[in-house]
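Asks: Structure incoming, see below.
The values are calculated or read from the model by the stated rules, or taken from the named source; none is laboratory data. As the structure is a computational prediction, the values presented were derived from the model and not from experiment. Cβ atoms come from the backbone with ideal geometry, glycine included; neighbour counts cover every protein chain shown. Ligands, DNA and RNA are stripped out before the accessible areas are found, and what is left, the full protein with its side chains, is counted by its heavy atoms. Shrake-Rupley method; radii C 1.70, N 1.55, O 1.52, S 1.80 Å.
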Amino acid sequence: MKRIEKVGEMDSEARRLVADGKSIGFVPTMGFLHEGHLALAGEARKENDVVVMSIFVNPAQFGPGEDFESYPRNLERDAALAEKAGVDILFHPSPEDMYPENSSIRILPGRQADVLCGASRPGHFDGVLKVLTKLFHLTRPERAYFGQKDAQQLAIIETFVRDYNFPLEIRRIPTVREKDGLAKSSRNVRLTAQERKDAPAIYASLREGARVLRETGDTELALGTVRGSLGSIPGAETDYAEILEYPSLRPLSAESREAIIAAAVRFSGVRLIDNILVPLERKTSC
Ligand code: PAF
């Protein structure tokens with residue numbers, strides 16, 4: 001596996017690969033890899049000649065007081081895992097090289113970013129689109145791989161890539177979970193032992209809400225179930241719990257084909273997100 005630190009080197013390497021007729025599969029990450037990232041790399045390995053993974057804790061997507069500094073990092077461990085997963089090029093630039101100057105151009109995601117994480121983390125998705133614009137240009141992928149766990153991010157990126165004709169395909173990869181249902185996340189290592197025991201209740205709450213939604217078609221009842229159940233997790237504070245249409249992230253309507261039940265829950269020092277998608281029949285009442 002080749003390791004590239006410099007933006008210029010990544011650019012020339014990707015140009016060379018494309019000129020040689022190679023397809024590039026791109027897996028953008030912020031590192032501290034877990035099975036969720038490795039599943040993205042696994043899919044990329046199957047579908048492309050060359051797999052590029054980036055590891056970059058992107059300062060532009062963290063707000064003041066968020067966990068940019070304490071975000072877990074371990075490049076050597078990540079490099080070993082990436083190599084084992086079949087990654088060909090690991091791109092790990094420095095913030096100074098990625099953002100040599102504060103660009104006066106901003107990229108704004110629009111309506112899909114006004115809800116869920118976008119509402120509680122203002123500017124977060126601006127930062128995600130900013131870094132991905134650079135990373136897509138630098139790595140020139142035919143396909144880029146994103147986990148369904150970050151469902152809002154995925155929906156916004158799909159819209160961005162479609163609306164602005166980025167020449168690549170976005171591939172959606174299902175959430176990878178621990179045996180007890182907790183969605184794999186780099187932040188899970190920062191839970192206390194007790195919080196780790198309690199955290200699977202997030203997914204259990206979403207599943208209970210999905211069951212109610214499927215059985216009754218009653219969005220309010222389903223949402224009440226999820227919020228009630230999240231509210232009873234000891235030591236956890238619900239940041240949000242919502243049911244929306246997916247991937248538009250508009251309120252559900254009689255025309256909606258798929259709903260997302262999404263939640264963000266805060267334990268002492270860690271904010272976790274999770275979601276579940278529920279295919280809908282037209283009977284849903286709103
Ligand atoms: O999902 C993430 O890890 C990040 O938001 C991403 C897509 C790598 C952009 O920094």
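Asks: Would you mind finding the one in VAL57, VAL52, VAL27 that is of a type in the set (A, V, I, L, M, F, W, C), under 27 Å from VAL176 (Cβ atoms), out of contact with any helix residue (DSSP H, G or I) (no Cβ under 7 Å at 6 or more places or on another chain) and within 13 Å of the ligand (Cβ to nearest atom)?
Replies: Checking each option against the conditions leaves just VAL57.
Asks: Yes or no: the stretch 167-188 includes at least one residue that is outside any strand (DSSP E or B) and closer than 18 Å to ILE24 by Cα.
Replies: Yes, there is a match, as at least one residue in the stretch 167-188 is outside any strand (DSSP E or B) and closer than 18 Å to ILE24 by Cα.
Asks: Continuing with the same structure: Among GLY42, GLY86, GLY110, GLY65, which is open to solvent by 60 Å² or more (accessible area, probe 1.4 Å), out of contact with any Leu (no Cβ under 9 Å at 6 or more places or on another chain) and more than 14 Å from the ligand (Cβ to nearest atom)?
Replies: GLY65
Asks: Given ILE243, ILE260, which one is under 17 Å from the mean Cα position of the chain (by Cα) and of a type outside the set (Gly, Ala, Ser)?
Replies: Exactly one residue qualifies, and that residue is ILE260.
Asks: Inspect all residues belonging to the stretch 182-202 and state whether any of them is buried (at least 19 other Cβ atoms within 10 Å of the Cβ), of a type in the set (Val, Ile, Thr), more than 13 Å from the ligand (Cβ to nearest atom) and modelled with pLDDT of 95 or more.
Replies: The answer is yes; a qualifying residue exists.
Asks: Could you list all residues from the stretch 117-153 that are charged (D, E, K, R), under 18 Å from VAL51 (Cα atoms) and either within 11 Å of the ligand (Cβ to nearest atom) or without any contact (Cβ under 8 Å) to a residue 40 or more places away in the chain (or both)?
Replies: LYS134
Asks: Does the stretch 179-187 contain at least one residue that is over 19 Å from ALA241 (Cα atoms) and not charged (D, E, K, R)?
Replies: Checking the stretch 179-187: at least one residue is over 19 Å from ALA241 (Cα atoms) and not charged (D, E, K, R).
Asks: Going by the structure shown, is PRO100 more than 24 Å from ALA183 (Cβ to Cβ), open to solvent by less than 30 Å² (accessible area, probe 1.4 Å) and at pLDDT 95 or above?
Replies: On the way: more than 24 Å from ALA183 (Cβ to Cβ): yes; open to solvent by less than 30 Å² (accessible area, probe 1.4 Å): no; at pLDDT 95 or above: yes.
Taking the combined requirement at face value, the residue does not satisfy it.
Asks: When you scan the stretch 243-259, do you find a residue that is open to solvent by 40 Å² or more (accessible area, probe 1.4 Å), outside any helix (DSSP H, G or I) and of a type in the set (Lys, Arg), even just one?
Replies: Step one: filter the stretch 243-259 for residues open to solvent by 40 Å² or more (accessible area, probe 1.4 Å), giving 247, 250-251, 253-255, 257-258.
Then keep just the ones that are outside any helix (DSSP H, G or I); that gives 247, 250-251, 253-255, 257-258.
Okay, now just the ones that are also of a type in the set (Lys, Arg), so 250, 257.
Yes - at least one qualifying residue is present in the stretch 243-259.
Asks: Hey, another quick one. Would you confirm whether or not the stretch 208-226 contains a residue that is basic (Lys, Arg), open to solvent by 40 Å² or more (accessible area, probe 1.4 Å) and within 24 Å of the chain's Cα centre (by Cα)?
Replies: Within the stretch 208-226 (the criterion being basic (Lys, Arg), open to solvent by 40 Å² or more (accessible area, probe 1.4 Å) and within 24 Å of the chain's Cα centre (by Cα)), the answer is no, since none of the residues qualifies.
Asks: Please enumerate the residues belonging to the stretch 227-240 that are within 22 Å of the chain's Cα centre (by Cα) and open to solvent by less than 40 Å² (accessible area, probe 1.4 Å).
Replies: Residues satisfying the conditions are LEU230, ALA236, TYR240.
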